[in-house]
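All of the numbers you see were taken from the coordinates with simple rules; none came from a lab. Quick caveat, the model's predicted, so the values are computed rather than measured. For neighbour counting, all protein chains shown are included, and Cβ atoms are generated from backbone atoms with ideal geometry for every residue, glycine included.
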Amino acid sequence: MQSSVQLTCKSLYSEYKFDTQALIMKKLTNKLPNSTFEKTNLPHLENLKLADPDFNISRPVDLLLGADVYSEILLDGVLRGKQSSPVAQETHLGWILCGKLKTFNCHVTLCELTKFWESEDIITSNKGNNDEDVCEEYYKNTVKRDSENKYIVKKPLIPNFEEKLGTSKSTAISQFLQLEKRLNKDKKLSIMYRDFINEYIKLNHMKPSCPASPSVPECYLPHHGVLREHSTTTKLRVVFNASQKTSTGFSLNNLLEKGPTYITIFKPFY
């Protein structure tokens, strides 16, 4: 690693784009997939707008996106084909693929893996930048442990976030009314949704809000349910959308301190 660069990434199919900072490295990993193959017998991928239309061609990886970016671009759509075929996940950049294909062969020895990390190892330094120091100090001052030995820490907000946080109640109410119409049409979903909300209240994850005060910043989060009929664990996943922009154009996620990125999700765009 020699330096970093600021990038603007844009969808091939829409005006969606985002900015991110990337480290410049001599090599990320081997080519993906390891060999070119024919796009045959994958009917569930037909007519999909893929983030990488040439996913079957063996090429070097251009960019690895971290978990912070991945969580922002992720959408609800998921398409599965037959066993051993790739799963398609919908994102703002188009559909991405992950999983196994019979034509994918990967042979990595421990020696090769060791050489990779030795050649691409980034020398860490104990000296952080100011933003990282602020996040670390915030953690030290706010972390606590409850009666069940669970650690609790408040979400760190950027300085003067009150000036950037706009109103959000009307948007949240509008989306809630749409959700309510959906629940009225689907009794099964309505029951599952109510059970989820009641469980959150029982676990003290939520409580009735206090009357609004001009001196106290507030942000209303829209939420919706994602029903996964074939899930063996949680059939309903309720998503609280902290990326919903307020009247000023800033969302709650925009106003949270991110701190340093320690974990990178290696999710190739085939």
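Distance from the Cα centre of segment 163-181 to that of segment 21-35, in angstrom? For segment 163-181 versus segment 21-35, the Cα centre distance is 41 Å. The ranking of C210, C219 by Cβ neighbour count inside 10 Å, starting from the fewest, reads C210, C219. The amide H of V226, built 1.01 Å from its N in the peptide plane, has R237, V238, V239 as neighbours under 5 Å, considering only residues 5 or more places off or on other chains. Taking each residue as 0.36 nm, the span from L63 to R80 lengthens on full extension beyond its C-alpha to C-alpha distance by 3.6 nm.
Residue-wise HN-Hα couplings along segment 68-80, as the Karplus relation 6.51 cos²θ - 1.76 cosθ + 1.60 with θ = phi - 60° gives them from phi, are 5, 6, 4, 5, 7, 8, 6, 10, 7, x, 9, 10, 10 Hz; Gly and Pro carry x.
Distances between placed amide hydrogens fall under 5 Å for N34 paired with N105, all partners being 5 or more residues away or on another chain.
Residues whose amide H comes within less than 5 Å of that of L93, counting only those at least five positions distant or on another chain, are absent (H built at 1.01 Å from N in the peptide plane).
Computed from the C-beta positions of K169 and D54, the FRET efficiency with R₀ = 51 Å rounds to 0.65. Shown is the FRET efficiency for S14 and C210, computed with R0 = 45 Å from the Cβ-Cβ distance and rounded to the nearest 0.05: 0.70.
Cross-linked pairs K169/K245; K17/K154; K187/K207; K144/K207; K164/K202: Cα-Cα separations exceed 23 Å for K17/K154; K187/K207; K164/K202.
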